[in-house]
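S.K.: Here's a structure for you.
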Amino acid sequence: MKISVAIPVYKSEKTLPTLVPRLIDVISEMGHDAEIVCVDDHSPDGSWSALTTLKADHPALKIARLARNAGQHNAVFCALTLTTGDVVVTMDDDLQHPPEEVPKLVNAVLSGPELVIAAYEGKKHSAARNLGGRLVDTALRRIFKLDGSVQLTSFRAMSRALVERVKNTYTAYPYITALLLSHSGSFVNVTVRHEPRREGKSNYDLTKSLKLVLNLVLTYSSYPAILISTLCALVFFLLVGYAAYILYLGLVQGTSVPGWTSTILAVTFLNGLVLLGLALLSFYISRMYLQISGLRSAFSIERIHE
């Protein structure tokens with residue numbers, strides 16, 4: 001049996017020489033064939049040079065470099081499409097996901113569930129990263145109606161069948177956890193260690209986390225459309241009630257209703273609501289156009305060495 005490990009690479013020239021050999025050793029000790037797929041997300045440091053050097057010594061390593069910086073989830077999506085293993089693991093490149101914990105996830109998949117997500121004994125992220133992670137987790141829980149006790153991390157293992165379903169998803173805006181949850185009937189958490197970061201600092205900050213939340217809400221939910229529809233419905237009923245009140249005053253009580261200010265305010269509010277709806281519609285249409293036209297793709301491979 002072959003175990004594939006998909007790793008997005010960005011600014012990790014110092015950790016790769018340790019990570020790759022450790023992974024290969026761990027999988028070999030399990031008695032399985034190893035396939036390590038590293039996708040360099042157009043990293044500005046020497047990560048690609050480190051990968052090419054490692055490739056010369058480790059035939060089990062498959063490497064690719066993206067033509068532009070596409071983001072972590074796009075790089076993972078690319079790596080998943082390049083894997084061929086019976087069980088596929090996704091993990092980070094910074095050694096915070098210990099290779100020695102991979103067997104726990106793989107064995108859990110082999111026991112039944114097609115998706116296993118690591119649950120950390122104790123997170124070793126920075127405060128800013130933890131805050132951003134909580135925002136993203138909250139969005140995921142709301143969208144997929146998940147229990148509050150569930151942990152969602154980027155350290156996962158999955159069956160080949162699930163990978164194939166995810167690969168066939170046509171999207172220019174992938175978010176891996178959302179894709180996996182969309183295509184998987186169930187998943188389980190398995191507790192693993194989470195190590196402190198050894199080199200550099202996290203590439204995620206609060207701004208990037210907010211962008212991830214926006215991508216999640218716009219791509220994997222209908223909440224924005226529901227919000228605008230609800231607002232429009234509420235305003236409609238309020239206006240119907242107000243119109244009925246005006247008619248009552250005019251026809252029943254014979255009272256003229258001076259309301260120049262209120263009329264202007266109502267028109268301004270309605271125009272603002274219409275413009276908000278048009279802005280949201282334009283945003284959706286622009287994303288659809290970029291995806292359908294091919295002007296934006298999930299990833300574009302510049303070089304690959306298999």
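S.K.: Give the distance, in whole Å, between the Cα centre of region 164-201 and the Cα centre of region 88-121.
M.R.: 11
S.K.: Please find the FRET efficiency linking L234 to N189, where r is the Cβ-Cβ separation and R0 is fixed at 45 Å, and quote it to the nearest 0.05.
M.R.: Working: r = 40 Å, r/R0 = 0.88.
Calculated transfer efficiency: 0.70.
S.K.: If the cut-off is 17 Å between C-alpha atoms, which aspartates and glutamates fall inside it for K211, apart from same-chain ones fewer than 8 positions away?
M.R.: Those aspartates and glutamates meeting the cut-off are D137.
S.K.: I need the phi-derived Karplus couplings for region 209-214: 6.51 cos²θ - 1.76 cosθ + 1.60, θ = phi - 60°, integer Hz, Gly and Pro marked x.
M.R.: Those phi angles translate into 5, 5, 5, 5, 4, 4 Hz.
S.K.: Could you state the principal axis extents of the C-alpha atoms in region 1-88, from the largest down, to the nearest angstrom?
M.R.: Computed over region 1-88, the largest-to-smallest principal extents equal 36, 23, 16 Å.
S.K.: Determine ³J(HN,Hα), in whole Hz, for all residues of region 186-197 in sequence, where each value follows from phi through the Karplus function 6.51 cos²θ - 1.76 cosθ + 1.60 and θ = phi - 60°; x replaces Gly and Pro.
M.R.: 7, 8, 10, 9, 10, 6, 9, 6, 10, 8, x, 5
S.K.: Which residues' amide hydrogens lie under 5 Å from the amide hydrogen of E13, considering only partners 5 or more residues apart or on another chain, with H built in the peptide plane?
M.R.: When sequence neighbours closer than 5 places are left aside, the close amide H contacts are G46, S47.
S.K.: Provide the gained length on full extension for the span S282 to I301, in nm with one decimal, where the gain is 0.36 nm per separating residue minus the Cα-Cα distance.
M.R.: Between S282 and I301, full extension yields an extra 3.9 nm.
S.K.: With θ taken as phi - 60° and the coefficients 6.51, -1.76 and 1.60, list the Karplus ³J(HN,Hα) couplings across region 146-158 in order, rounded to whole Hz; mark glycine and proline as x.
M.R.: Values per residue, Gly and Pro as x: 8, 5, x, 7, 6, 9, 10, 9, 8, 9, 9, 9, 8 Hz.
Every number in this text was worked out from the coordinates using simple rules, so none of it is lab data. Small disclaimer: the values here were computed from a predicted structure and weren't measured. Heads up, the Cβs are rebuilt from the backbone with ideal geometry, glycines too, and the neighbour counts pull from every protein chain shown.
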